[in-house]
1. Near residue 384, which lysines are there with a Cα under 27 Å away, not counting those fewer than 8 places off in the same chain?
2. Got a sec to turn the phi values of the range 166-179 into Karplus ³J(HN,Hα) couplings, 6.51 cos²θ - 1.76 cosθ + 1.60 with θ = phi - 60°, whole Hz, x for Gly and Pro?
3. Quick check on packing: order 204-216, 359-371 by the mean number of other C-beta atoms within 10 Å, highest mean leading.
4. Using the Karplus curve 6.51 cos²θ - 1.76 cosθ + 1.60 with θ = phi - 60°, what ³J(HN,Hα) values do you get for each residue of the range 338-353, in whole Hz, with x for Gly and Pro?
5. Given the DSSP H assignment, sum -39500 (n - 2.57) over each helix run of at least 4 residues in the chain and divide by its residue total; what's the result at 222 nm in deg cm²/dmol, nearest 500?
6. Once the other residues with Cβ under 15 Å from the Cβ of residue 121 are scored (Lys, Arg +1; Asp, Glu -1), what is the net sum?
7. Name the long-range amide H neighbours of residue 299: under 5 Å, sequence gap of 5 or more, or other chain; modelled H, no Pro or chain starts.
8. When the Cα centres of the range 161-240 and the range 408-446 are compared, how far apart do they sit, in Å?
Amino acid sequence: MSESPDNSTIRERILAHPEPAMIWLAGAFLLFLPQTSAFFETLVLWGDMVNPFTTGSLEIMSWYVDTMIGTLGTAGGYFMIAVGGLVLVSIVTVLVKAFFIPFSIVETFGWEDLPVSADLLERTIVGSVIGVIGVLLVFSPLGSALQSLFALLADFASVFTDQWTLLSRDVMPNQGFQPPAGATDQYPTGALGPYHGTFLGLEPAVVWAFRVLLVYLYAFLWIGWAWFGYKTFRRHYRYADWTPRDDMIDRFSTHRWGQFGFVVVAMFLTMAIFAPPLGPVTAQENIQEPYSYQVNYTENGTVKNISHGGANAGSLSQGGDRNVGVLQYDDFGRFHPIGTTTNGKDLWTFMTMGSRVSLFIGLLAIVGSGFIAASLALVTAYYKGLTDLAVVVLSDGIQAMPALLVLILLNTVLAGHPISQVYNGALVLVLIFIAIGWAGLWRALRGPALQVSEQEWIDAAKSYGQRPTTTMKKHMAPYILGYLLVYASLNLGGIIISVAALSFLGLGITPPVPEWGRMVNSGQPYVASFSWHIATVPGIMVVLVVTGFNAFGDGIRDAIDPQSDGASTDEAAAAGGGG
């Protein structure tokens with residue numbers, strides 16, 4: 001524990017005793033250094049994702065304008081356009097005010113005495129600024145200038161993406177071949193094996209396994225170093241000897257089911273984050289543009305060349321004699337850890353890239369629905385009465401409908417809408433999951449929020465004249481965040497399996513974007529054949545990931561809620577707030 005005064009800030013405590021923090025930062029820098037190029041490559045990838053979102057948003061707005069004017073006429077259309085714009089600005093205003101403006105604008109400028117509600121005045125100011133910025137971006141050269149700036153930043157970042165990266169296929173290539181006898185001068189082999197083009201001449205399967213091992217070792221080193229950072233903070237910079245978070249960690253450290261879930265979730269996140277180096281071949285070569293890339297192989301004593309697309313056509317897994325199974329090589333010397341698909345593409349590469357799609361949809365959906373659920377839980381717990389009743393009726397109506405049927409219905413109805421083209425249908429899935437998922441989360445958070453709203457400090461804040469939004473954010477929100485984390489982790493597994501189910505039915509994400517459920521559907525006819533791996537392996541991975549998220553959520557719930565160990569209600573409320 002730090003010897004600094006209890007009322008000092010974390011910054012002051014670190015400056016007073018910087019050595020432990022500097023040691024941790026130095027270790028983090030050394031861990032980050034070998035993957036600097038991959039970090040910039042990720043930034044470029046996220047930058048490239050802005051363009052489809054911007055283009056899709058403009059198409060959706062154009063569709064809305066045309067539909068309103070065509071349906072309601074000029075006057076009615078422009079009125080509804082104004083209403084739609086006002087609603088959109090209001091939503092963005094709430095998000096910006098909640099996440100990016102932690103101070104009070106009214107108090108900063110000394111406008112407390114104005115005869116207007118402080119909350120209304122602040123939202124009006126923020127909304128006006130957002131509206132003006134939006135108009136400038138759409139109807140002035142500022143939007144084009146901003147796009148040019150993003151392009152320039154992407155070009156700058158791309159300079160660093162070509163630098164050396166430890167966990168990459170360039171450092172540890174696994175695609176190669178054994179040169180014919182007498183051709184080693186033309187095709188030199190490595191120092192430790194008879195292969196040309198692979199890392200140290202080792203067998204492709206060995207190189208791939210070694211690279212995968214290093215990737216997961218690197219990921220768990222980061223997890224271990226983050227844990228060491230927390231212990232450093234607790235030992236040197238936390239002013240309290242004990243907080244409720246210590247008891248949570250102690251409970252989780254003995255929760256084997258939760259620890260199993262944590263390991264599964266960590267491995268799934270690692271697969272999604274490090275998808276490119278985990279595959280034996282890149283998605284660009286094997287899935288997206290297979291006829292644009294070549295591969296060398298040895299046949300009848302000569303070295304031949306063929307495109308990946310041609311090699312895929314000769315490596316089909318369709319039962320019987322046409323099969324490349326688990327841990328097998330195809331006829332062109334390419335190693336396939338879990339076999340090939342029905343069209344000859346590498347199944348493991350498909351699965352690693354598909355994990356990114358599942359994680360992208362799941363995280364965005366759970367963040368959106370969690371924000372709505374938490375906001376409504378705070379509002380209904382604070383105001384109660386008709387506000388709570390209205391949300392109860394609305395959530396009951398949503399939960400009364402079968403979720404999967406609603407997903408199928410909305411996904412089918414919106415199939416021809418411009419929104420379904422953004423990110424190959426991922427955005428429309430995210431919005432649907434948010435629209436139907438917040439109700440269950442709100443139900444789970446409503447109880448803890450009502451419990452906290454009855455505490456003495458909430459009554460004291462009200463009698464003091466504190467603004468409702470301030471009371472909700474500072475005194476109520478911390479006590480429901482723990483419960484939100486629990487139910488969000490449980491719901492995330494449900495979203496992943498729902499996405500897989502939609503893809504299995506031929507809905508959801510459109511080809512050629514990899515998605516696990518589509519592969520289960522593709523391999524279903526071959527389950528009883530030698531090509532059983534096509535459907536079985538993705539199906540097992542879906543079940544394992546969903547089980548992992550559920551187990552992790554159970555572990556967090558049992559760690560946060562001391563009532564499971566027979567503790568009192570007050571202790572449960574304190575644990576929900578952390579420390």
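The values are calculated or read from the model by the stated rules, or taken from the named source; none is laboratory data. These numbers were taken from a predicted model, which means no experiment stands behind them. Don't worry about glycine lacking a Cβ; one is built from the backbone with ideal geometry, like all the others, and counts go over all protein chains shown. Just so you know, the surface numbers come from the protein's heavy atoms only, side chains and all, with ligands and any DNA or RNA stripped out. Shrake-Rupley method; radii C 1.70, N 1.55, O 1.52, S 1.80 Å.
1. 97, 462, 473, 474
2. Per residue, the Karplus-derived 3J(HN,Hα) values read 4, 8, 9, 6, 5, 6, 10, x, 10, 9, x, 8, 8, x Hz.
3. 359-371, 204-216
4. So the Karplus estimates, Gly and Pro as x, are 10, x, 10, 8, 5, 9, x, 7, 6, 6, 5, 4, 4, 5, 5, 6 Hz.
5. Calculated from helices alone, the mean residue ellipticity at 222 nm is -21500 deg cm²/dmol.
6. Cβ neighbours under 15 Å give a net charge of -2.
7. The list, which skips near neighbours in sequence, is 304.
8. Result: 39 Å between the Cα centres.
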